[in-house]
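Structure, as structure tokens:
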Amino acid sequence: MNTGETFYLVSRFGTAALAAFLAIVLWSRTRDIAWMLVVIAAISSYVDVLFSFLTRIGLVDEARFERFGLPLGRILISNLPFLFLCIALAIMIRRKRLR
């Protein structure tokens, strides 16, 4: 890894860790399902960054998660935060429409 790549990964890792920490703090204070899904999205985003970091330094072999030539592990982990966020936003939109 060159210096630019290292700085990119460390900056993503730091901001994702901060977001996950703040999400956990929020989780302990709310019982709203939409907000809980936003928290899970932030935590799964941290998992995505952590998986990328571990793959780049060679501790995780991405090829183990491939099926039929598709990187299923990478696809799942990368899209999971957005899936949770979409569900949370859909719940919030539905609540606003019913009023």
(Q) So, in the range 52-65, how many residues would count as being crowded, with 18+ Cβ neighbours inside 10 Å and either within 23 Å of I87 (Cβ to Cβ) or more than 17 Å from the chain's Cα centre (by Cα) (or both)? (A) 0
Q. Among L9, L37, which is the only one that is touching a helix residue (DSSP H, G or I) at 6+ places or on another chain (Cβ under 9 Å), modelled with pLDDT under 90 and either on the phi > 0 side of the Ramachandran plot or surrounded by 14 or more Cβ atoms within 10 Å (Cβ to Cβ) (or both)?
A. L9
Q: Keeping to the range 15-28, report how many residues are of a type in the set (V, I, T) and under 16 Å from the mean Cα position of the chain (by Cα).
A: 2
Q. What number of residues within the range 78-99 satisfy the criterion of being under 18 Å from the mean Cα position of the chain (by Cα) and basic (K, R)?
A. 0
Q. Within the range 54-73, can you find the residues that are in a loop (DSSP other than H, G, I, E, B) and of a type in the set (G, A, S)?
A. G58, G69
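Name the one entry in R12, R31 that is more than 10 Å from the chain's Cα centre (by Cα) and part of a loop (DSSP other than H, G, I, E, B). Full working, then the answer.
Values: R12 fails: part of a loop (DSSP other than H, G, I, E, B).
From the options R12, R31, the qualifying one is R31.
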Q) In the range 69-82, what count of residues is obtained for those that are touching a residue at least 40 places away in the same chain (Cβ under 8 Å) and out of contact with any helix residue (DSSP H, G or I) (no Cβ under 6 Å at 6 or more places or on another chain)? A) 1
Q: Identify the residue in the range 49-65 that is aromatic (F, W, Y) and within 15 Å of R12 (Cα to Cα) and, among all such residues, is modelled with the lowest pLDDT.
A: F53
(Q) Please count how many residues of the range 66-89 are more than 20 Å from R12 (Cβ to Cβ) and either surrounded by 17 or more Cβ atoms within 10 Å (Cβ to Cβ) or of a type in the set (S, T, N, Q) (or both). (A) 1
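The values are calculated or read from the model by the stated rules, or taken from the named source; none is laboratory data. Given the structure is predicted, the values throughout are model-derived calculations rather than measurements. With ideal geometry, Cβ positions are generated from the backbone for all residues, glycine too; neighbour counts draw on all protein chains shown.
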